[in-house]
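Colleague: My structure is below; once you've seen it, I'll send some questions.
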Amino acid sequence: MSEPDPRCVAVIGLGYIGLPTAAVLATHGVRVVGVDVSDRHVDAVNRGHVPFVEPDLATQVAGAVSQGLLSAQSETPHATTYIVAVPTPFKDGHRADLSFIDAATDAIIPQLRGGELIILESTSPPGTTEHVATRVLGSRPDLSLDGSGGRPVVQFAHCPERVLPGRIMVELITNDRIIGGLTPDAAERARDLYAVFCRGELHLTDTRTAEMAKLTENAFRDVNIAFANELSVIAERLGIDVWELIELANMHPRVNILQPGPGVGGHCIAVDPWFIVDAAPEQANLIRTARQVNDGKPEHVLARAVDAAREHEAPVIAALGLAFKPNVDDLRESPSLHITAELARRLPEARIMAVEPYIATAPDVLAGLDNVELAQTERAISSADIILLLVDHAQFKTINTADLAGKVVIDTRGILRHRTPPILGGDGANPLDRLTRARR
Ligand code: SAJ
(Lines give C-alpha, C1' and ligand atoms only; values in the text may rest on other atoms or scores of the structure.)
Protein backbone atom coordinates (compact mmCIF):
# COMPACT_ATOMS: atom_id res chain seq x y z
CA MET A 1 0.00 0.00 0.00
CA SER A 2 1.43 3.42 -0.90
CA GLU A 3 1.89 5.78 2.05
CA PRO A 4 -1.18 8.04 2.15
CA ASP A 5 -0.61 11.77 2.35
CA PRO A 6 -1.93 12.86 5.77
CA ARG A 7 -1.91 16.49 4.69
CA CYS A 8 -5.26 16.78 2.94
CA VAL A 9 -8.05 16.69 5.44
CA ALA A 10 -11.81 17.15 5.17
CA VAL A 11 -13.44 18.17 8.43
CA ILE A 12 -17.15 17.32 8.40
CA GLY A 13 -19.14 19.63 10.67
CA LEU A 14 -17.88 23.19 11.30
CA GLY A 15 -19.34 23.60 14.78
CA TYR A 16 -17.78 24.17 18.19
CA ILE A 17 -15.26 21.35 17.64
CA GLY A 18 -14.95 20.92 13.86
CA LEU A 19 -14.13 24.54 13.07
CA PRO A 20 -11.43 24.94 15.76
CA THR A 21 -9.92 21.60 14.66
CA ALA A 22 -9.97 22.67 10.99
CA ALA A 23 -8.41 26.02 11.91
CA VAL A 24 -5.65 24.56 14.07
CA LEU A 25 -4.71 21.99 11.41
CA ALA A 26 -4.63 24.68 8.73
CA THR A 27 -2.52 27.05 10.80
CA HIS A 28 -0.05 24.17 11.14
CA GLY A 29 0.27 23.90 7.38
CA VAL A 30 -2.31 21.19 6.59
CA ARG A 31 -4.66 21.83 3.66
CA VAL A 32 -8.17 21.58 5.11
CA VAL A 33 -11.60 21.61 3.49
CA GLY A 34 -14.40 22.19 5.96
CA VAL A 35 -17.83 20.79 5.17
CA ASP A 36 -21.09 21.93 6.70
CA VAL A 37 -24.78 21.62 5.90
CA SER A 38 -25.32 25.22 7.00
CA ASP A 39 -24.74 27.75 4.20
CA ARG A 40 -24.33 30.40 6.88
CA HIS A 41 -21.37 28.53 8.40
CA VAL A 42 -19.84 27.84 4.97
CA ASP A 43 -20.15 31.48 3.85
CA ALA A 44 -18.83 32.81 7.16
CA VAL A 45 -15.76 30.57 7.06
CA ASN A 46 -14.98 31.41 3.42
CA ARG A 47 -15.05 35.09 4.37
CA GLY A 48 -12.63 34.31 7.20
CA HIS A 49 -15.31 34.83 9.85
CA VAL A 50 -16.54 32.59 12.66
CA PRO A 51 -20.23 31.92 13.28
CA PHE A 52 -19.89 31.71 17.11
CA VAL A 53 -17.80 33.22 19.90
CA GLU A 54 -14.62 31.39 20.98
CA PRO A 55 -11.43 33.20 22.05
CA ASP A 56 -8.67 33.25 19.35
CA LEU A 57 -10.71 31.21 16.88
CA ALA A 58 -11.54 34.20 14.65
CA THR A 59 -7.87 35.15 14.22
CA GLN A 60 -6.86 31.61 13.31
CA VAL A 61 -9.73 31.10 10.85
CA ALA A 62 -9.05 34.47 9.17
CA GLY A 63 -5.31 33.68 8.92
CA ALA A 64 -5.84 30.15 7.55
CA VAL A 65 -8.41 31.29 4.97
CA SER A 66 -6.23 34.17 3.77
CA GLN A 67 -3.29 31.77 3.31
CA GLY A 68 -5.47 29.47 1.20
CA LEU A 69 -5.11 26.58 3.66
CA LEU A 70 -8.73 26.54 4.81
CA SER A 71 -11.90 26.71 2.76
CA ALA A 72 -15.46 25.55 3.34
CA GLN A 73 -18.14 23.97 1.17
CA SER A 74 -21.38 22.08 1.52
CA GLU A 75 -20.40 18.99 -0.53
CA THR A 76 -18.07 16.35 0.87
CA PRO A 77 -14.91 16.24 -1.29
CA HIS A 78 -12.38 13.49 -1.79
CA ALA A 79 -9.71 13.72 0.92
CA THR A 80 -7.04 11.43 2.31
CA THR A 81 -8.32 11.92 5.85
CA TYR A 82 -11.82 12.68 7.05
CA ILE A 83 -12.53 14.04 10.51
CA VAL A 84 -16.21 13.71 11.44
CA ALA A 85 -17.22 16.25 14.10
CA VAL A 86 -21.01 16.37 13.92
CA PRO A 87 -23.45 16.45 16.86
CA THR A 88 -24.68 13.32 18.65
CA PRO A 89 -27.74 14.54 20.55
CA PHE A 90 -30.03 12.11 22.28
CA LYS A 91 -33.51 11.19 21.22
CA ASP A 92 -36.44 9.79 23.22
CA GLY A 93 -35.43 7.39 25.96
CA HIS A 94 -32.01 9.06 26.22
CA ARG A 95 -30.67 7.01 23.31
CA ALA A 96 -27.94 8.51 21.12
CA ASP A 97 -29.15 9.92 17.83
CA LEU A 98 -26.57 8.80 15.26
CA SER A 99 -28.38 10.32 12.28
CA PHE A 100 -25.82 13.13 11.81
CA ILE A 101 -22.95 10.61 11.91
CA ASP A 102 -24.79 8.38 9.43
CA ALA A 103 -25.46 11.30 7.08
CA ALA A 104 -21.78 12.37 7.21
CA THR A 105 -20.69 8.77 6.57
CA ASP A 106 -23.07 8.39 3.63
CA ALA A 107 -21.63 11.53 2.04
CA ILE A 108 -18.06 10.23 2.46
CA ILE A 109 -18.78 6.76 1.02
CA PRO A 110 -18.97 7.71 -2.70
CA GLN A 111 -15.73 9.73 -2.41
CA LEU A 112 -13.60 6.81 -1.19
CA ARG A 113 -10.93 5.43 -3.50
CA GLY A 114 -8.99 3.33 -1.00
CA GLY A 115 -6.20 4.48 1.33
CA GLU A 116 -8.33 6.95 3.30
CA LEU A 117 -8.51 7.33 7.07
CA ILE A 118 -11.89 8.19 8.63
CA ILE A 119 -11.64 9.64 12.13
CA LEU A 120 -14.77 9.99 14.24
CA GLU A 121 -14.40 12.85 16.73
CA SER A 122 -18.05 13.16 17.70
CA THR A 123 -18.79 11.94 21.22
CA SER A 124 -20.37 8.54 20.61
CA PRO A 125 -21.69 5.46 22.39
CA PRO A 126 -19.34 2.46 22.54
CA GLY A 127 -19.35 0.66 19.20
CA THR A 128 -20.11 3.69 17.01
CA THR A 129 -16.80 3.64 15.10
CA GLU A 130 -17.46 -0.04 14.32
CA HIS A 131 -20.95 0.98 13.19
CA VAL A 132 -19.41 3.58 10.82
CA ALA A 133 -16.96 1.00 9.43
CA THR A 134 -19.76 -1.51 8.88
CA ARG A 135 -21.82 1.14 7.09
CA VAL A 136 -18.90 2.09 4.83
CA LEU A 137 -17.74 -1.43 4.03
CA GLY A 138 -21.32 -2.67 3.70
CA SER A 139 -21.95 -0.33 0.80
CA ARG A 140 -18.39 -0.50 -0.62
CA PRO A 141 -17.51 -4.20 -0.92
CA ASP A 142 -14.66 -3.12 -3.23
CA LEU A 143 -12.85 -1.76 -0.12
CA SER A 144 -11.62 -3.58 3.00
CA LEU A 145 -10.29 -3.11 6.51
CA ASP A 146 -7.19 -5.27 6.03
CA GLY A 147 -6.43 -5.48 2.31
CA SER A 148 -7.94 -8.96 2.06
CA GLY A 149 -8.67 -10.17 -1.45
CA GLY A 150 -6.36 -7.44 -2.75
CA ARG A 151 -9.01 -4.79 -2.03
CA PRO A 152 -7.80 -1.30 -1.08
CA VAL A 153 -7.88 -0.49 2.64
CA VAL A 154 -9.98 2.12 4.45
CA GLN A 155 -8.95 2.87 8.02
CA PHE A 156 -11.10 3.97 10.94
CA ALA A 157 -10.26 5.66 14.25
CA HIS A 158 -12.01 7.42 17.10
CA CYS A 159 -10.33 10.45 18.61
CA PRO A 160 -12.72 12.18 21.02
CA GLU A 161 -12.43 15.91 21.62
CA ARG A 162 -11.92 16.92 25.25
CA VAL A 163 -11.63 20.69 25.05
CA LEU A 164 -13.46 23.12 27.32
CA PRO A 165 -15.59 25.74 25.56
CA GLY A 166 -13.97 29.11 26.22
CA ARG A 167 -10.47 27.54 26.16
CA ILE A 168 -10.77 25.47 23.01
CA MET A 169 -7.84 26.95 21.07
CA VAL A 170 -5.50 26.43 24.05
CA GLU A 171 -6.71 22.97 25.07
CA LEU A 172 -6.65 21.63 21.48
CA ILE A 173 -2.89 22.11 21.59
CA THR A 174 -2.13 21.26 25.22
CA ASN A 175 -4.54 18.46 26.22
CA ASP A 176 -3.49 14.82 25.91
CA ARG A 177 -5.56 12.91 23.37
CA ILE A 178 -6.92 9.41 23.31
CA ILE A 179 -6.73 7.78 19.89
CA GLY A 180 -8.59 4.54 19.31
CA GLY A 181 -7.91 2.62 16.11
CA LEU A 182 -10.08 -0.10 14.63
CA THR A 183 -6.69 -1.49 13.64
CA PRO A 184 -3.26 -0.62 15.08
CA ASP A 185 -2.30 0.98 11.73
CA ALA A 186 -5.32 3.26 11.87
CA ALA A 187 -4.41 4.41 15.39
CA GLU A 188 -0.83 5.15 14.35
CA ARG A 189 -1.88 7.05 11.28
CA ALA A 190 -4.37 9.15 13.26
CA ARG A 191 -1.65 9.81 15.84
CA ASP A 192 0.63 11.18 13.11
CA LEU A 193 -2.07 13.63 12.09
CA TYR A 194 -2.79 14.91 15.63
CA ALA A 195 0.97 15.15 16.28
CA VAL A 196 1.02 17.97 13.72
CA PHE A 197 -0.54 20.36 16.26
CA CYS A 198 -1.05 18.57 19.59
CA ARG A 199 1.67 19.03 22.23
CA GLY A 200 -0.08 16.82 24.78
CA GLU A 201 0.59 13.09 24.85
CA LEU A 202 -1.20 10.91 22.29
CA HIS A 203 -2.41 7.69 23.88
CA LEU A 204 -3.25 4.80 21.54
CA THR A 205 -5.99 2.25 22.23
CA ASP A 206 -8.91 0.54 20.49
CA THR A 207 -12.03 2.41 19.35
CA ARG A 208 -14.44 1.12 22.02
CA THR A 209 -12.12 2.09 24.86
CA ALA A 210 -11.59 5.53 23.30
CA GLU A 211 -15.35 6.02 22.95
CA MET A 212 -15.95 4.94 26.53
CA ALA A 213 -13.06 7.05 27.87
CA LYS A 214 -14.68 10.23 26.62
CA LEU A 215 -18.06 9.29 28.10
CA THR A 216 -16.35 8.30 31.34
CA GLU A 217 -14.67 11.70 31.72
CA ASN A 218 -17.97 13.54 31.45
CA ALA A 219 -19.82 11.00 33.60
CA PHE A 220 -17.11 11.39 36.27
CA ARG A 221 -17.74 15.13 36.33
CA ASP A 222 -21.51 14.64 36.32
CA VAL A 223 -21.40 12.23 39.25
CA ASN A 224 -19.18 14.61 41.21
CA ILE A 225 -21.39 17.62 40.49
CA ALA A 226 -24.39 15.49 41.53
CA PHE A 227 -22.66 14.84 44.85
CA ALA A 228 -22.27 18.61 45.35
CA ASN A 229 -25.86 19.26 44.27
CA GLU A 230 -27.22 16.59 46.61
CA LEU A 231 -25.12 18.04 49.45
CA SER A 232 -26.59 21.48 48.73
CA VAL A 233 -30.14 20.18 49.18
CA ILE A 234 -29.18 18.26 52.35
CA ALA A 235 -27.34 21.29 53.75
CA GLU A 236 -30.30 23.55 53.05
CA ARG A 237 -32.56 21.14 54.94
CA LEU A 238 -30.14 21.12 57.87
CA GLY A 239 -29.57 24.88 57.90
CA ILE A 240 -25.91 24.61 56.91
CA ASP A 241 -24.09 26.82 54.41
CA VAL A 242 -23.08 24.27 51.75
CA TRP A 243 -20.24 26.39 50.37
CA GLU A 244 -18.61 26.71 53.77
CA LEU A 245 -19.18 22.98 54.27
CA ILE A 246 -17.47 22.09 50.97
CA GLU A 247 -14.63 24.51 51.57
CA LEU A 248 -13.94 22.86 54.93
CA ALA A 249 -14.29 19.27 53.66
CA ASN A 250 -11.96 20.10 50.74
CA MET A 251 -9.21 20.92 53.22
CA HIS A 252 -8.79 17.17 53.63
CA PRO A 253 -5.90 16.13 51.36
CA ARG A 254 -7.94 13.47 49.54
CA VAL A 255 -11.27 15.29 49.23
CA ASN A 256 -12.10 17.53 46.27
CA ILE A 257 -15.82 18.25 46.07
CA LEU A 258 -17.08 20.29 43.10
CA GLN A 259 -19.51 23.19 43.35
CA PRO A 260 -23.30 22.96 43.52
CA GLY A 261 -25.39 25.06 41.17
CA PRO A 262 -28.86 25.32 39.65
CA GLY A 263 -28.29 22.15 37.58
CA VAL A 264 -25.94 20.92 34.88
CA GLY A 265 -26.14 22.43 31.42
CA GLY A 266 -24.30 22.41 28.12
CA HIS A 267 -24.38 19.84 25.41
CA CYS A 268 -21.88 17.37 26.91
CA ILE A 269 -22.02 16.60 30.62
CA ALA A 270 -25.82 16.56 30.71
CA VAL A 271 -25.94 14.24 27.67
CA ASP A 272 -22.95 11.90 27.52
CA PRO A 273 -23.59 9.89 30.72
CA TRP A 274 -26.90 8.75 29.22
CA PHE A 275 -24.94 6.98 26.47
CA ILE A 276 -23.31 4.83 29.16
CA VAL A 277 -26.69 4.20 30.80
CA ASP A 278 -28.12 3.22 27.44
CA ALA A 279 -25.20 0.90 26.69
CA ALA A 280 -25.37 -0.90 30.09
CA PRO A 281 -28.74 -0.07 31.71
CA GLU A 282 -28.56 -2.82 34.33
CA GLN A 283 -25.11 -1.81 35.54
CA ALA A 284 -25.06 1.99 35.27
CA ASN A 285 -27.02 2.76 38.44
CA LEU A 286 -24.83 5.44 40.00
CA ILE A 287 -24.38 7.21 36.68
CA ARG A 288 -28.16 7.21 36.05
CA THR A 289 -28.90 8.47 39.56
CA ALA A 290 -26.36 11.28 39.20
CA ARG A 291 -28.08 12.42 36.00
CA GLN A 292 -31.42 12.38 37.82
CA VAL A 293 -30.02 14.34 40.78
CA ASN A 294 -28.57 17.01 38.47
CA ASP A 295 -31.69 17.14 36.31
CA GLY A 296 -33.79 17.52 39.48
CA LYS A 297 -31.88 20.56 40.75
CA PRO A 298 -33.63 23.19 38.57
CA GLU A 299 -36.99 22.04 39.98
CA HIS A 300 -35.66 22.46 43.51
CA VAL A 301 -34.50 26.02 42.74
CA LEU A 302 -37.84 26.78 41.09
CA ALA A 303 -39.74 25.59 44.17
CA ARG A 304 -37.66 27.88 46.41
CA ALA A 305 -38.25 30.86 44.15
CA VAL A 306 -41.99 30.19 43.87
CA ASP A 307 -42.20 29.90 47.68
CA ALA A 308 -40.41 33.23 48.12
CA ALA A 309 -42.67 34.85 45.52
CA ARG A 310 -45.79 33.83 47.49
CA GLU A 311 -44.91 36.50 50.05
CA HIS A 312 -45.60 39.19 47.43
CA GLU A 313 -48.73 40.08 45.48
CA ALA A 314 -46.92 41.10 42.32
CA PRO A 315 -43.31 40.07 42.88
CA VAL A 316 -40.44 41.42 40.81
CA ILE A 317 -37.74 38.79 40.41
CA ALA A 318 -34.23 39.50 39.11
CA ALA A 319 -32.91 36.33 37.44
CA LEU A 320 -29.17 36.88 37.26
CA GLY A 321 -27.63 34.84 34.42
CA LEU A 322 -29.05 32.72 31.62
CA ALA A 323 -25.91 31.00 30.26
CA PHE A 324 -25.11 27.39 31.17
CA LYS A 325 -21.86 28.39 32.86
CA PRO A 326 -19.92 31.54 33.78
CA ASN A 327 -18.44 34.08 31.37
CA VAL A 328 -19.81 32.59 28.13
CA ASP A 329 -22.80 33.46 25.91
CA ASP A 330 -23.71 29.78 25.50
CA LEU A 331 -27.36 29.05 26.36
CA ARG A 332 -27.47 25.42 25.23
CA GLU A 333 -29.32 23.17 27.69
CA SER A 334 -28.94 25.94 30.26
CA PRO A 335 -30.71 25.21 33.57
CA SER A 336 -30.69 28.97 34.30
CA LEU A 337 -32.60 29.73 31.13
CA HIS A 338 -35.03 26.90 31.87
CA ILE A 339 -35.60 28.15 35.43
CA THR A 340 -36.18 31.72 34.25
CA ALA A 341 -38.70 30.71 31.57
CA GLU A 342 -40.48 28.29 33.87
CA LEU A 343 -40.69 30.88 36.65
CA ALA A 344 -42.39 33.28 34.27
CA ARG A 345 -44.90 30.59 33.28
CA ARG A 346 -45.66 29.51 36.85
CA LEU A 347 -45.91 33.07 38.19
CA PRO A 348 -47.95 35.04 35.64
CA GLU A 349 -48.45 37.76 38.29
CA ALA A 350 -44.68 38.23 38.65
CA ARG A 351 -42.36 40.42 36.58
CA ILE A 352 -39.10 38.67 35.74
CA MET A 353 -36.09 40.84 34.95
CA ALA A 354 -33.59 38.52 33.29
CA VAL A 355 -29.98 39.68 33.25
CA GLU A 356 -27.48 38.12 30.85
CA PRO A 357 -24.46 40.35 30.19
CA TYR A 358 -23.30 38.16 27.27
CA ILE A 359 -26.41 38.45 25.08
CA ALA A 360 -28.14 41.46 23.51
CA THR A 361 -31.55 40.02 22.64
CA ALA A 362 -33.82 37.65 24.52
CA PRO A 363 -33.67 34.02 23.33
CA ASP A 364 -36.83 32.62 21.68
CA VAL A 365 -37.90 30.72 24.79
CA LEU A 366 -38.19 34.02 26.72
CA ALA A 367 -39.26 36.27 23.86
CA GLY A 368 -42.77 34.76 23.87
CA LEU A 369 -43.33 35.43 27.59
CA ASP A 370 -45.03 38.78 28.37
CA ASN A 371 -43.79 38.99 31.96
CA VAL A 372 -40.06 38.64 31.15
CA GLU A 373 -37.73 41.41 30.06
CA LEU A 374 -33.97 41.56 29.54
CA ALA A 375 -32.46 44.08 31.95
CA GLN A 376 -29.12 45.46 33.12
CA THR A 377 -27.82 44.19 36.47
CA GLU A 378 -28.23 47.44 38.43
CA ARG A 379 -31.77 48.12 37.26
CA ALA A 380 -32.89 44.53 37.88
CA ILE A 381 -31.44 44.51 41.39
CA SER A 382 -32.90 47.87 42.36
CA SER A 383 -36.39 46.93 41.08
CA ALA A 384 -36.50 43.35 42.44
CA ASP A 385 -38.07 41.91 45.59
CA ILE A 386 -36.30 38.60 44.98
CA ILE A 387 -32.78 38.15 43.61
CA LEU A 388 -32.23 34.75 42.02
CA LEU A 389 -28.54 34.33 41.27
CA LEU A 390 -28.18 31.60 38.63
CA VAL A 391 -24.78 32.04 36.97
CA ASP A 392 -21.47 33.00 38.59
CA HIS A 393 -20.49 35.48 35.85
CA ALA A 394 -17.52 37.64 36.91
CA GLN A 395 -19.76 40.71 36.63
CA PHE A 396 -22.11 39.44 39.34
CA LYS A 397 -19.24 38.94 41.77
CA THR A 398 -18.90 42.73 42.05
CA ILE A 399 -22.54 43.27 43.08
CA ASN A 400 -22.70 45.77 45.95
CA THR A 401 -23.97 44.20 49.20
CA ALA A 402 -25.79 47.36 50.17
CA ASP A 403 -27.94 47.08 47.03
CA LEU A 404 -29.38 43.78 48.29
CA ALA A 405 -30.82 45.25 51.50
CA GLY A 406 -34.47 44.37 52.06
CA LYS A 407 -34.53 41.74 49.30
CA VAL A 408 -34.75 37.96 49.42
CA VAL A 409 -31.60 36.47 47.90
CA ILE A 410 -31.60 32.95 46.47
CA ASP A 411 -28.00 32.36 45.53
CA THR A 412 -27.54 29.07 43.64
CA ARG A 413 -23.82 29.63 43.09
CA GLY A 414 -22.73 30.85 46.50
CA ILE A 415 -21.16 34.08 45.27
CA LEU A 416 -23.36 36.52 47.17
CA ARG A 417 -23.32 34.65 50.46
CA HIS A 418 -20.56 36.56 52.23
CA ARG A 419 -21.97 39.74 50.84
CA THR A 420 -25.56 39.30 51.99
CA PRO A 421 -26.35 40.62 55.46
CA PRO A 422 -27.57 37.42 57.24
CA ILE A 423 -30.87 38.88 58.28
CA LEU A 424 -31.84 39.53 54.65
CA GLY A 425 -31.00 36.44 52.72
CA GLY A 426 -31.91 33.59 55.02
CA ASP A 427 -28.71 31.98 53.79
CA GLY A 428 -28.06 30.23 57.05
CA ALA A 429 -25.27 32.56 58.16
CA ASN A 430 -27.36 33.89 61.03
CA PRO A 431 -27.35 31.26 63.82
CA LEU A 432 -30.94 32.06 64.83
CA ASP A 433 -32.12 31.73 61.26
CA ARG A 434 -30.19 28.47 61.05
CA LEU A 435 -31.89 27.17 64.17
CA THR A 436 -35.34 27.99 62.86
CA ARG A 437 -34.66 26.32 59.54
CA ALA A 438 -33.20 23.20 61.08
CA ARG A 439 -36.36 22.63 63.15
CA ARG A 440 -38.74 23.09 60.21
N1 SAJ B 1 -20.91 22.71 36.92
C2 SAJ B 1 -21.37 22.73 38.22
N3 SAJ B 1 -20.46 22.59 39.23
C4 SAJ B 1 -19.13 22.44 38.99
C5 SAJ B 1 -18.68 22.40 37.66
C6 SAJ B 1 -19.59 22.54 36.64
O7 SAJ B 1 -22.57 22.88 38.49
O8 SAJ B 1 -18.37 22.33 39.97
C9 SAJ B 1 -21.88 22.84 35.82
C10 SAJ B 1 -21.66 24.09 34.98
O11 SAJ B 1 -22.27 25.22 35.56
C12 SAJ B 1 -22.29 23.69 33.67
C13 SAJ B 1 -21.99 22.19 33.59
O14 SAJ B 1 -21.67 21.79 34.91
O15 SAJ B 1 -23.68 23.89 33.70
C16 SAJ B 1 -20.87 21.79 32.66
O17 SAJ B 1 -19.82 22.74 32.69
P18 SAJ B 1 -18.27 22.36 32.64
O19 SAJ B 1 -17.52 23.63 32.58
O20 SAJ B 1 -17.91 21.45 33.75
O21 SAJ B 1 -18.10 21.48 31.33
P22 SAJ B 1 -18.46 21.69 29.75
O23 SAJ B 1 -19.77 21.02 29.50
O24 SAJ B 1 -18.32 23.09 29.29
O25 SAJ B 1 -17.27 20.85 29.06
C26 SAJ B 1 -17.11 19.47 29.40
C27 SAJ B 1 -15.64 19.21 29.75
N28 SAJ B 1 -15.50 17.88 30.33
C29 SAJ B 1 -14.88 17.68 31.52
O30 SAJ B 1 -14.45 18.59 32.20
C31 SAJ B 1 -14.75 16.25 31.96
C32 SAJ B 1 -14.77 19.34 28.51
O33 SAJ B 1 -13.42 18.98 28.78
C34 SAJ B 1 -15.32 18.42 27.40
O35 SAJ B 1 -14.53 18.54 26.21
C36 SAJ B 1 -16.73 18.88 27.10
O37 SAJ B 1 -17.52 18.69 28.28
C38 SAJ B 1 -17.26 18.04 25.95
O39 SAJ B 1 -17.31 18.56 24.82
O40 SAJ B 1 -17.59 16.86 26.17
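Colleague: Starting from the Cα of Gln259, step 7 Å along the direction of its Cβ; do the same at Glu188; then give the gap between the two resulting points in nm.
Modeller: Calculated label separation equals 4.6 nm.
Colleague: A follow-up question, please. Taking just the C-alpha trace of the range 352-393, give me its Rg and Dmax in Å.
Modeller: Values for the range 352-393 (Cα only, Rg and Dmax): 10.2, 26 Å.
Colleague: Here is a follow-up. Peptides 120-130, 300-310, 166-176: what's the order by average Cβ count within 10 Å, highest mean first? Walk me through the numbers on the way to the answer.
Modeller: Details: 120-130: 22.5, 300-310: 17.5, 166-176: 15.9.
Result, highest mean first: 120-130, 300-310, 166-176.
Colleague: Taking a probe of 1.4 Å, how large is the accessible area per residue of the range 144-190, in Å²? Numbers along the way, then the final one.
Modeller: On the way: 1700 Å² over 47 residues.
For the range 144-190, the per-residue accessible area is 36 Å².
Colleague: Helix-derived [θ] at 222 nm for the chain: sum -39500 (n - 2.57) over DSSP H runs of at least 4, divide by residue count, nearest 500? Mind dumping the intermediate values first?
Modeller: On the way: 16 runs with 177 residues, N = 440.
Helices in the chain give a 222 nm mean residue ellipticity of -12000 deg cm²/dmol.
Colleague: State the extension gain, in nm to one decimal, for the chain segment bounded by Arg151 and Leu164, taking 0.36 nm per residue of separation less the distance between their alpha-carbons. It would help to have the intermediate numbers written out before the result.
Modeller: Numbers: separation 13, 0.36 × 13 = 4.68 nm, distance 4.08 nm.
Result for the pair: 0.6 nm of gain on full extension.
Colleague: Using 0.36 nm times the number of residues separating Asp370 and Asn285, minus their current alpha carbon distance, what extension gain do you get? Write down the numbers at each step before the final one.
Modeller: Numbers: separation 85, 0.36 × 85 = 30.60 nm, distance 4.15 nm.
Net length gain for the segment: 26.4 nm.
Colleague: In addition: Charges only on Cβ, +1 for Lys and Arg, -1 for Asp and Glu: so what's the dipole of the range 9-200 about the Cα centre, in debye to the nearest 20? Each step should come with its number before you reach the end.
Modeller: Values: 15 positive and 21 negative charges, 40 e Å.
Dipole of the range 9-200, to the nearest 20 debye: 200 debye.
Colleague: Where both residues lie in the chain, what percent of DSSP beta bridges are antiparallel, nearest 5? Could you put the intermediate results ahead of the total?
Modeller: Values: 4 of 47 bridges.
The antiparallel proportion sits near 10 percent.
Colleague: I'd like the FRET efficiency for Ser38 and Cys8, computed as 1/(1 + (r/R0)^6) with the beta carbon distance as r and R0 of 25 Å, rounded to 0.05. Intermediate values should be presented prior to the final figure.
Modeller: On the way: r = 23 Å, r/R0 = 0.92.
Once the sixth-power term is evaluated, E becomes 0.60.
Colleague: Between Asp295 and Arg345, what length comes free when the chain is fully extended (0.36 nm per residue of separation minus the Cα-Cα distance, one decimal in nm)?
Modeller: On the way: separation 50, 0.36 × 50 = 18.00 nm, distance 1.91 nm.
Full extension of this stretch gives 16.1 nm more.
Colleague: Here is a follow-up. If I take R0 = 45 Å and measure r between the Cβ atoms of Glu244 and Asp142 in this structure, what FRET efficiency does the formula 1/(1 + (r/R0)^6) give, to the nearest 0.05? Working shown, then result.
Modeller: On the way: r = 67 Å, r/R0 = 1.48.
For R0 = 45 Å, the calculated efficiency reads 0.10.
Colleague: In the P(r) worked out for the chain, what percent of Cα pairs fall beyond 32 Å? All intermediate terms of the calculation are to be shown ahead of the outcome.
Modeller: On the way: 43865 of 96580 pairs.
Cα-Cα pairs in the chain separated by more than 32 Å: 45 percent.
Colleague: So what does the Cα-only Debye profile of the range 9-200 read at q = 0.08, 0.10, 0.17 Å⁻¹, as log10 I(q)/I(0), no solvent term?
Modeller: Each listed q maps to, in turn, -0.24, -0.38, -1.12.
Colleague: Related question: What does a probe at Thr134 reach in the range 183-226, counting residues whose amide N is under 20 Å from the point 7 Å along Cα→Cβ?
Modeller: The answer is 183-184, 206-213.
Colleague: Report the charge-dipole magnitude of the chain in Debye, nearest 20, computed about the Cα centre from +1 at each Lys and Arg Cβ and -1 at each Asp and Glu Cβ. Present the calculation step by step, with values, prior to reporting the outcome.
Modeller: Values: 41 positive and 57 negative charges, 136 e Å.
Rounded to the nearest 20 debye, it is 660 debye.
Colleague: For the range 223-282, what is the accessible area per residue in Å² when the probe is 1.4 Å?
Modeller: On the way: 2870 Å² over 60 residues.
Roughly 48 Å² per residue, with all protein chains present.
Colleague: Hey, could you grab the Kirkwood Rh for the range 240-411? Inverse mean 1/r over distinct alpha carbon pairs, Å, one decimal. Don't skip to the answer; put the middle values down first.
Modeller: Values: mean 1/r = 0.0580 Å⁻¹.
Value: 17.2 Å, from the Cα pair sum.
Colleague: Just going by the charge dipole of the chain, with Lys and Arg at +1 and Asp and Glu at -1 on Cβ, which of Ile246, Val271, Pro281 is farthest out on the positive end?
Modeller: Projecting each Cα onto the dipole axis, the largest value belongs to Ile246.
Colleague: Same structure again: What FRET efficiency comes out for Val233 versus Asn46 if R0 is 56 angstrom and r is the Cβ-Cβ distance? Round to the nearest 0.05. Mind dumping the intermediate values first?
Modeller: Values: r = 50 Å, r/R0 = 0.89.
Step by step, r from the Cβ atoms, then E = 0.65.
Colleague: With a 10 Å radius around each residue's Cβ, average the other Cβ atoms per peptide and rank 366-372, 212-218, 263-269, highest first. Can you show the working numbers first?
Modeller: On the way: 366-372: 15.1, 212-218: 20.1, 263-269: 22.7.
Per-residue mean Cβ counts within 10 Å order the peptides as 263-269, 212-218, 366-372.
Colleague: How much of the accessible area of the range 252-298, in percent, comes from carbon and sulfur atoms when a 1.4 Å probe is used? Intermediate values should be presented prior to the final figure.
Modeller: Details: 1190 of 2150 Å².
Answer for the range 252-298: carbon and sulfur cover 55 percent of the accessible area.
Colleague: Please report the antiparallel percentage of the DSSP beta bridges confined to the range 9-200, to the nearest 5.
Modeller: On the way: 4 of 25 bridges.
The antiparallel proportion sits near 15 percent.
The values are calculated or read from the model by the stated rules, or taken from the named source; none is laboratory data. Because the structure is a prediction, the values reported are computed rather than measured. Every residue, glycine as well, gets a Cβ built from its backbone with ideal geometry; the counts of neighbours run over all protein chains shown. Note: areas computed on protein heavy atoms with side chains; ligands, DNA, RNA excluded. Shrake-Rupley method; radii C 1.70, N 1.55, O 1.52, S 1.80 Å.
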